[in-house]
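Undergrad: The structure under discussion is supplied below as structure tokens; questions concerning it will follow.
Each value in this text was obtained by applying a stated rule to the coordinates, not by laboratory testing. All values reported here derive from a predicted model rather than from experimental measurement. Note that each Cβ is placed from the backbone with ideal geometry, even for glycine, and that neighbours are counted across all protein chains shown.
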Amino acid sequence: MAITYSTKKDFSSQELEGLFLSVEWSSGHFPDKLVVAMRNFSTVFSAWDGDKLAGMICAMDDGIMNAYVHYLLVNPAYHGRKIGRTLVEKMKERYADFTRIAVIAYNNELSFYENCGFSKADDASPMFITSLWT
């Protein structure tokens with residue numbers, strides 16, 4: 001079946017739990033919070049295989065200059081189908097008039113993001129206060 005893309009923000013806790021735990025992200029253990037979080041993001045694009053949530057990308061923005069991509073995840077069963085790249089392209093199109101799109105990339109994902117047009121900062125490092133373990 002062909003992958004389709006949506007801008008919906010209403011997901012079931014089961015859909016989100018399944019996707020987030022498929023990539024072993026600890027936030028998947030808080031599916032009810034994820035449901036609310038998705039509604040609060042400025043922009044959400046999701047990838048669907050029929051009625052199965054295969055991937056998503058979410059961003060927050062200030063409305064004019066800066067957008068921050070917080071989540072990009074694709075169920076490993078769908079890796080290699082360019083879903084992640086398509087989701088990034090949709091986000092880049094959405095924020096084309098902004099002056100900055102930021103993402104915090106895990107070190108093992110740097111080349112993916114670089115291939116999507118992002119550059120690693122030499123003079124900045126991400127910092128967190130978090131209770132999540134991944």
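Undergrad: With n ≥ 4 as the cut-off for DSSP H runs, can you work out [θ] at 222 nm for the chain, using -39500 (n - 2.57) per run divided by the number of residues, rounded to the nearest 500?
TA: About -8000 deg cm²/dmol.
Undergrad: Bin all alpha-carbon pair distances of the chain at 10 Å intervals from 0 and give each bin's fraction as a whole percent.
TA: In whole percents, the pair-distance histogram is 11, 44, 38, 7, 0.
Undergrad: So which GluC sites (Glu not before Pro) in the stretch 1-60 pass both tests, a DSSP loop state and at most 15 other Cβ atoms within 10 Å of the Cβ?
TA: GLU24
Undergrad: Further question on the same structure: What is the fewest-to-most order of ARG39, ARG94 by other Cβ atoms lying within 10 Å of their Cβ?
TA: Sorted ascending by nearby Cβ count, the order is ARG39, ARG94.
Undergrad: Mind checking the full-extension length gain between LYS82 and ASN115? Use 0.36 nm per residue of separation minus the Cα-Cα distance, one decimal, nm.
TA: 10.7 nm
Undergrad: Given Cα positions, please report Rg to Rh for the stretch 64-129, the hydrodynamic radius being the Kirkwood one.
TA: When Rh is taken as the Kirkwood radius, the ratio is 0.96.
Undergrad: Continuing with this model, one more query. How do MET91, MET1 rank when sorted from fewest to most other Cβ atoms within 10 Å of their own Cβ?
TA: Ordered from fewest to most neighbouring Cβ atoms within 10 Å, MET91, MET1 come out as MET1, MET91.
Undergrad: Here's a follow-up. Could you give the nm distance between label points at GLU93 and ASN108, where each point is 7 Å from its Cα heading toward the beta carbon?
TA: 3.1
Undergrad: How do PHE98, PHE128 line up, fewest other C-beta atoms within 10 Å first?
TA: Going from least to most buried by this count: PHE128, PHE98.
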